[in-house]
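First up is the structure itself, then whatever we jot down about it.
The values are calculated or read from the model by the stated rules, or taken from the named source; none is laboratory data. Predicted, not measured: the structure shown is a model, and the values here were computed from it. Here the Cβ positions follow ideal geometry from the backbone for every residue, glycine too, while neighbour counts run over all protein chains shown.
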Ligand code: SF4
């Protein structure tokens, strides 16, 4: 293993960069949400305060359930999130391949969902178990559409599965979002991400009003802090993945830096707007949407991509 | 632990526990989250699970039926956790003072750290109470 790998993993664009950016973007989320309801919203470093406060609180381990799983799940999920962001980030910022391709990213995302399910189900709490069950159903709903839209950039880049080759194909031929298939896949991708992050139209597993945060209900102290951090790190990893797959990556020289920030913020703000203007849907509506609308559309995008549109 | 207390003071997550109130205080508590008062600008957030809470907002006289539940919920909270009695009910019993079903000693059920009197207290009074709690935490 080369020494740069440690730097990629722990500092930039891995652990440190993603956590700090995630906590800052969490502020954007709360601020924009507050402005939507004509409120003022929290101060800039609110999420940092929340995180450090939770680190110092007591960890309660419930009597029933599987204790080891309960404690270990948030930390494995955190490790998975760091890996994902390091893989995506190195491809995006250094055009460098960390030895992993898009299939590995899909697997890691799946492991993250499984960790939520295991962590929620390990407590023996009714609400947590219902939340974990809903997470499984949501995973079943969005996974197929997500895999299909990931096929579109693979096909368009001439059947490359390495993240840096997909990026290079876009640098030479223009971003995939400019084509019909790329645009359809990008839109479905945003909705899939919304479901994977459990944001509001698909916040079915964590429904605050009925399930009191679902799988996270029994967590307190540092494990809860890491769950919250994981959720915020997804605000970094997923938009980066979309930019990498469809929007031609970043060009970090001169005016390109401004464009990079704008690209990233526009995706995040679009997600927040979708989150704030939609009610939470039922699980059968979500299944209906993903299986009967999003997946066929993704198929159409693949067919268009095969024919070069 | 001055540094930690400052973090805690800036990020108070409240859990709302109603122990047989007349329900008016609960409505006033919810007023704190509305655009006019917007307590999130002080970092305060309403959470649904007591495991996440730093402050329990207790409203109402604690009657015999809810007393064991109140005790159980308090024991489930992750410490440090403060209890704020909202309204005159938790401190003085208010208009239910002589009822037959009130527990004799509320202090035995749940240790209340701070009272915000009023029937119901205005949201401004509650914000002032919270600000005082933050002042205590900041030392
Ligand atoms: S203090 Fe007054 S308003 Fe509040 S619960 Fe008691 S009786 Fe109702």
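Before moving on, here are some points about what is shown:
Table: residues versus (1) more than 14 Å from every other protein chain (Cβ to nearest Cβ); (2) part of a helix (DSSP H, G or I); (3) at pLDDT 80 or above.
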position: A:198; (1), (2), (3): yes, no, yes
position: A:220; (1), (2), (3): no, no, yes
position: A:240; (1), (2), (3): yes, yes, yes
position: A:245; (1), (2), (3): yes, yes, yes
position: A:249; (1), (2), (3): yes, no, no
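- Entirely in the range B:2-102, the helices (runs of 4 or more DSSP H) that have 3 or more residues that are within 14 Å of chain A (Cβ to nearest Cβ): B:2-10, B:67-76
- Being in a helix (DSSP H, G or I) and over 17 Å from the mean Cα position of the chain (by Cα) is a description that applies to residue A:51.
- Selection from the range B:103-123 of residues that are in contact (Cβ under 8 Å) with a residue 24 or more places away in the chain and part of a helix (DSSP H, G or I): B:106, B:109, B:123
- Scope the range B:89-127; condition surrounded by fewer than 13 Cβ atoms within 10 Å (Cβ to Cβ), at pLDDT below 85 and either farther than 15 Å from residue B:66 by Cα or within 14 Å of the ligand (Cβ to nearest atom) (or both); matching residues: B:95, B:97, B:98, B:99
- Lone unmet requirement of (1) within 10 Å of the ligand (Cβ to nearest atom); (2) closer than 29 Å to residue A:60 by Cα; (3) exposed (fewer than 13 other Cβ atoms within 10 Å of the Cβ) for residue B:75: (1)
- Unique residue being over 17 Å from the mean Cα position of the chain (by Cα), at negative phi and surrounded by fewer than 16 Cβ atoms within 10 Å (Cβ to Cβ) when the list is B:41, B:7: B:41
- Only a single item in (1) in contact (Cβ under 8 Å) with a residue 40 or more places away in the chain; (2) out of contact with any helix residue (DSSP H, G or I) (no Cβ under 8 Å at 6 or more places or on another chain) is not met by residue A:29, and it is number (2).
Table: residues versus (1) within 14 Å of chain B (Cβ to nearest Cβ); (2) on the phi < 0 side of the Ramachandran plot; (3) within 23 Å of the chain's Cα centre (by Cα).
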site	(1), (2), (3)
A:19	no, yes, yes
A:39	yes, yes, no
A:45	yes, yes, yes
A:59	yes, yes, no
A:62	yes, yes, no
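- Meets criteria (within 14 Å of chain B (Cβ to nearest Cβ), in contact with a helix residue (DSSP H, G or I) (Cβ under 6 Å, 6 or more places away or on another chain) and under 21 Å from residue A:284 (Cβ atoms)) for residue A:210: no
- Against the conditions (1) under 30 Å from residue A:55 (Cα atoms); (2) without any contact (Cβ under 8 Å) to a residue 40 or more places away in the chain, residue B:100 satisfies every one except (1).
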